[in-house]
Amino acid sequence: MKARALVRLWSIFGEPLWIVVSMGFPVLSSLALSLLYYSIGAASYVGFAVLGGVMVSFWGNVLWSMASQFYWDKQEGLFEIYLTSPAPISAILIGMSVGGIIGTVPSALIVTGIGWVLFHPAVNAVWGGVILTFGLTLASLYAMGMTLSSLYLAYGREAESLNEVLQEPVSMLSGLYFPSLGARSPFPLAIQAAASLIPLTIGMDALRKTLFYGNDIWQVWPDLAILGVMAVVLLFASTYALKYLENVGRRDGTIGVRIR
Amino acid sequence: MTSLRPILASAWMGIQHDIAWTTPVLSVALRVVAPFASAMTVSIIYWFGTTSASPGLFNADRLAYVLIGSTLYAHVASYAWVPTVAIAEGKNLSVFPHIYITSRSTAFYVAGTVLSSFVISTIASVAALILAYLALSSFLGTQIPATVTLTSVAMVAAALVANIPGALGLGFLLGAYSMYASKFEWSLPGYVAGLLMVFSGALFPTSFLPWPISVGAQYLPFTQFIAAAREALLPGTSGDYATSMGLCLVGGGILLGVSMFVYFASERKARKDGVIDRRLA
């Protein structure tokens, strides 16, 4: 776990350009949507766009550097090394998650800094609640990334197209930039219920409550409990799914096939 | 004719690359998802912001403005960066060096891949716009104004075509970059999409940006393309369609001329430096 996390950290911090390139979309989309809030006379909600920009960095990291990572690793011949090493594959994924989270922090900080300097978003935070919510959101989000990575094990070149299909709809449903749950959501109840299955949806809702509406931990405890349960369930689900698909791949002889 | 053939061959190759990985219908349907979700997100932000901040702020005309702008910037973003992938992936899979050693310039290959992607993206964007229009009308319970007649559709189609030189120009510039840097080129789509969001007037008028950025943004061919499409589809939009189209074509032509000069210079230098077949920077 530690070894995989260090490899990821070294690859990010050993090449500062990596930080610059990975922050492009989060910074610019956050800037554009903040300007949109501003231009329509809703400056009090600019903070939603800044927070969305921070969280889209992590969501992008989960999708492109966790979920489809084994696809790239297969292309590079690394996946066989994982399989033949004595390390459990779930530990490698957890290491990848830890490295990914730390590696994405600079990008998230830059989005926050630019948003803060340019727009001075109104904040009414209970910081203890924000930190706890943020931690649980990342834990459940990266656990979802681990589960997705096991599913991606079964895919070949479709992985990239699947990521492109997933990225925007999940951003929309999870309400990265506007509330997608509750009375202010534009979505019908059925869509809200479906969106609640995505950890990011619950996390964003709780983060907005603690960061902008001054809700303390006791007011968001149902969200925190759901996030905690999601993290544990998804962690176990990923372990089982990985084992299952690994066995299927071994049996069918497709586990190491690079292009299909 | 001798120029058309390599362009068409490259365009066909691009179509095969983009949609042949699964059934064509499924592939195109999947390509609708991202622009649809993106247009929905931005339009919902407008709805949420205006209805929450103060009663009376919401304006259906402005919602239509945001909806059309967000769909069209996504359209440009989805095909302008294709040369980057065509070159970077082509170098990794040895396709690009093989095209380079043929009797035709790689510029034809780049142009062909942009055109194929333009066709696919146009279908996906139009479908996304229609779906988002219907979904928003239903979710938000509001009538979004739009003039859909044979004339207005023809005007939008003309605007889409008029934007090709500009998008091709941007594509050649990005292609010139990726000839040298086979590393981090994957980040360019994010930058292109993000910059278009901010500077093309897709979500808010360019006059909202600080001077002199607002002036530069106003005369971008992409800004004029989106303005022309809005003038065709939205009743009562300020601005003149013919002027927007003219500025789009002139701006696009200048960008294309400059970027082709840069591309050919980059191609010559890349040969000298021996990076045409270099896979990793």
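Only the coordinates and a few stated rules stand behind these numbers; no lab work does. Predicted model only: the values in this text are computed from it and were never measured. Because the Cβ atoms are built from the backbone with ideal geometry, glycine has one as well, and the counts that use them run over all protein chains shown.
When residues in the range B:248-281 are screened for being of a type in the set (A, V, I, L, M), within 25 Å of B:TYR219 (Cβ to Cβ) and either over 27 Å from the mean Cα position of the chain (by Cα) or crowded, with 18+ Cβ neighbours inside 10 Å (or both), 4 of them pass. Every test in (1) β-branched (Val, Ile, Thr); (2) over 23 Å from the mean Cα position of the chain (by Cα); (3) crowded, with 22+ Cβ neighbours inside 10 Å is passed by B:VAL110 save one, and that test is (2).
Residue-wise test of (1) among the β-branched types (Val, Ile, Thr); (2) within 16 Å of B:SER10 (Cα to Cα); (3) part of a loop (DSSP other than H, G, I, E, B).
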residue	(1), (2), (3)
B:THR102	yes, yes, yes
B:ILE120	yes, yes, no
B:LEU129	no, no, no
B:ALA135	no, no, no
B:ALA146	no, no, yes
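Number of residues in the range A:124-163 that are farther than 26 Å from A:ASP223 by Cβ and aromatic (Phe, Trp, Tyr) equals 2. Checked against the criterion of being within 30 Å of B:THR23 (Cβ to Cβ), out of contact with any Lys or Arg (no Cβ under 9 Å at 6 or more places or on another chain) and part of a loop (DSSP other than H, G, I, E, B), the range A:229-252 contains not a single residue that satisfies it. Across the range A:201-216, which residue is nearest to the chain's Cα centre (by Cα) among those that are more than 13 Å from A:GLY128 (Cβ to Cβ) and β-branched (Val, Ile, Thr)? Checked the range A:201-216; the qualifying residue nearest to the chain's Cα centre (by Cα) is A:THR201.
For residues that are surrounded by 18 or more Cβ atoms within 10 Å (Cβ to Cβ) and in a helix (DSSP H, G or I), tally how many sit in the range B:196-217. If you could, list the steps in order and put the result at the bottom.
Within the range B:196-217, the subset surrounded by 18 or more Cβ atoms within 10 Å (Cβ to Cβ) is B:196-204, B:206, B:209, B:217.
Now restrict to residues that are in a helix (DSSP H, G or I): B:196-199, B:206, B:217.
Of the residues in that region, 6 qualify.
Among the residues in the range B:75-89, are any free of Cβ contacts under 8 Å to residues at least 12 places away in the same chain, over 20 Å from A:SER185 (Cα atoms) and either more than 9 Å from every other protein chain (Cβ to nearest Cβ) or crowded, with 24+ Cβ neighbours inside 10 Å (or both)? So far as the range B:75-89 goes, yes, one or more of its residues are free of Cβ contacts under 8 Å to residues at least 12 places away in the same chain, over 20 Å from A:SER185 (Cα atoms) and either more than 9 Å from every other protein chain (Cβ to nearest Cβ) or crowded, with 24+ Cβ neighbours inside 10 Å (or both).
Looking across the range A:158-200, the residues that are more than 11 Å from chain B (Cβ to nearest Cβ) and buried (at least 24 other Cβ atoms within 10 Å of the Cβ) come down to A:PRO199, A:LEU200. Inside the range B:231-262, residues that are of a type in the set (Phe, Trp, Tyr) and within 19 Å of B:VAL76 (Cβ to Cβ) make up a count of 1.
The set of residues in the range B:166-195 that are polar (S, T, N, Q), out of contact with any Gly (no Cβ under 6 Å at 6 or more places or on another chain) and surrounded by fewer than 20 Cβ atoms within 10 Å (Cβ to Cβ) contains only B:SER182. One residue stands out among those in the range B:43-59 that are crowded, with 24+ Cβ neighbours inside 10 Å and within 7 Å of chain A (Cβ to nearest Cβ): the one that is farthest from A:ARG184 (Cα to Cα), which is B:TYR46.
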